[in-house]
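The values are calculated or read from the model by the stated rules, or taken from the named source; none is laboratory data. Keep in mind that this is a model prediction, so the values were computed, not measured. In this analysis, Cβ positions are derived from the backbone assuming ideal geometry, glycine residues included, and neighbour counts consider all displayed protein chains. What goes into the accessible areas is simple: the full protein's heavy atoms, side chains included, and nothing from ligands, DNA or RNA. Shrake-Rupley method; radii C 1.70, N 1.55, O 1.52, S 1.80 Å.
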Amino acid sequence: MTRGSVILEAQTGPRLLDGGVAFGTMGQDPRRRELRFTVHPSPWRPSTDAELTVKVEPDGEGSRLRLEVAGWSDVLRANHAALPDWSVERLVPRLLELLSPTVFGDWIVEHQARRPSGADSSASYRDPTYHWPNFLMILDRLRLTPADRLLEVACGGGAFLSKALASGCTAVGLDHSPEMLRTARELNAEAIRAGRLTVVEGDAARLPVPSDAFTVCVCTGAFFFFADPAAALGEMRRALCPGGRLAVFTETPEARGTIAAPEPFASRARLHTPGELRTLAEGAGFVEIRVEEPDLAPFARAAHLPSDVVAVFERTGGSVLLTARKPAG
Ligand SMILES: C[S@@+](CC[C@H](N)C(=O)[O-])C[C@H]1O[C@@H](n2cnc3c(N)ncnc32)[C@H](O)[C@@H]1O
């Protein structure tokens, strides 16, 4: 740990650590809307101890973030005139950096999509309105039966799994987000109890599953996030049994700027063209490769989505479905 790096050590207090040395404590669970800290910014002068409160308050349609410092009296008295300069030079740039399009965009993508976390993400991936059409389209193409053993890579909150399991198949869902796994387990608790579904934590590039084990592998709405898409396809091929079927639903560069790939996601995603996807699948050793740009509007209607949502699928394209097989012999 470097000098000056501050970490919240949740298990032991929680304490604030600076280069391994405690300099404060946090008074409340970090998930609460009000966080209280007792800070000793200059241990050589205990009279500078301060109480720091961070509050997130509802404010009309949005939220207000309030930072209050109480105490710190020696510093405030002796350096009163310097406080505005200190704030402008040291405090405010750190806050503004968090709000820059680059840093904030990275956080939004990470938090909402690449590794979803938080209650809002759990709720939205449990019932992902805009994903139902592609789920139904994939299931229409695959025609799963009770004999199928399905692997879903990057299963999110388990919504696709819940539909797929209605076919009577068995399944393994994998994701690298612990909160998504918790949501997927809650949503599919009955199938887990019945021994028809296992949900595991792992990375698409190193699937923690046996080789030649699945008849079908599906990956939807995640392939564009994989750092090494060739490795992920190689792993999916390894996990499939000979003759096993692959279905990867993703977005092409044409979807950039539409609801399928809006900013800040689009510029942080690898949007492959249909030709690039075919090349990747060939490189991973798949055969019977098919790349289609499906019309999702009929599936949006079949999912009984509101008419304004159906209208979005009537006017946007750019999504692509790659299907292929692992060689039989
Ligand atoms: C946009 S969400 C889609 C979730 C779900 N497939 C759906 O369509 O609702 C992307 C998911 O991919 C997962 N993910 C991204 N990169 C991953 C990786 N390298 N390995 C495993 N999961 C990954 C994320 O945690 C997230 O749950």
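Details
- Rolling a 1.4 Å probe over the protein heavy atoms leaves HIS40 with an accessible area of roughly 60 Å².
- Here the Kirkwood formula, the inverse mean of 1/r across different C-alpha pairs, assigns segment 179-329 a hydrodynamic radius of 16.8 Å.
- Choice from GLY317, GLY60, GLY168 with maximal GNM fluctuation in the chain (Cα, 10 Å cutoff): GLY60
- With every protein chain in place, segment 25-172: carbon and sulfur % of accessible area (1.4 Å): 56
- Using a probe of 1.4 angstrom and keeping all protein chains present, the accessible surface of the chain works out to 53 square angstrom per residue.
- Expressed as a fraction of 2.2 N^0.38 Å, the value expected for a compact globular protein of N residues, the C-alpha radius of gyration of segment 72-147 is 2.10.
- Against the chain, whose longest principal axis comes from its Cα atoms, helix 229-239 is set at around 60 degrees.
- All Cα pairs of the chain, percent lying beyond 36 Å: 35
- Helix 178-187 axis versus longest C-alpha principal axis of the chain: approximately 50°, rounded to the nearest ten.
- Each Lys or Arg adds one and each Asp or Glu subtracts one; over the other residues with Cβ under 13 Å from the Cβ of PRO116, this totals 0.
- Estimated inter-spin distance, ALA213 and PHE23, nm [label 7 Å along Cα→Cβ]: 4.7
- Couplings for segment 311-320, taken from phi via the Karplus curve 6.51 cos²θ - 1.76 cosθ + 1.60 with θ = phi - 60°, read 4, 4, 6, 6, 10, 10, x, x, 8, 9 Hz in order; Gly and Pro are left as x.
- Under 5 Å between amide hydrogens, built in the peptide plane, is the criterion, and for GLU152 it picks out VAL172, GLY173, LEU174, VAL218 among residues at least 5 positions away or on other chains.
- Computed from the alpha carbon positions, the gyration tensor of segment 20-147 leads to an equivalent ellipsoid with semi-axes of 46, 17, 14 Å, biggest first.
- Antiparallel DSSP beta bridges within the chain, percent to nearest 5: 65
- Angle between the chain longest axis and helix 274-283 axis [Cα atoms, degrees, rounded to 10]: 80
- Residue-averaged 222 nm ellipticity for the chain, from DSSP H runs of 4+ at -39500 (n - 2.57), nearest 500: -8000 deg cm²/dmol
- Counting Lys and Arg as +1 and Asp and Glu as -1 over every other residue whose Cβ lies under 15 Å from the Cβ of SER177, the net charge comes to -3.
- Across TRP132, TRP44, TRP86, TRP107, the residue with the most accessible area heads the list, and the full order at a 1.4 Å probe is TRP44, TRP107, TRP86, TRP132.
- Between SER63 and ASP228, the contour length at 0.36 nm per residue exceeds the Cα-Cα span by 55.6 nm.
- Accessible area per residue (1.4 Å probe, heavy atoms of protein chains only) ranks LEU271, LEU52 as LEU52, LEU271, with the largest value leading.
- For SER167, net neighbour charge (Lys/Arg +1, Asp/Glu -1) across residues whose Cβ lies under 11 Å away: +2
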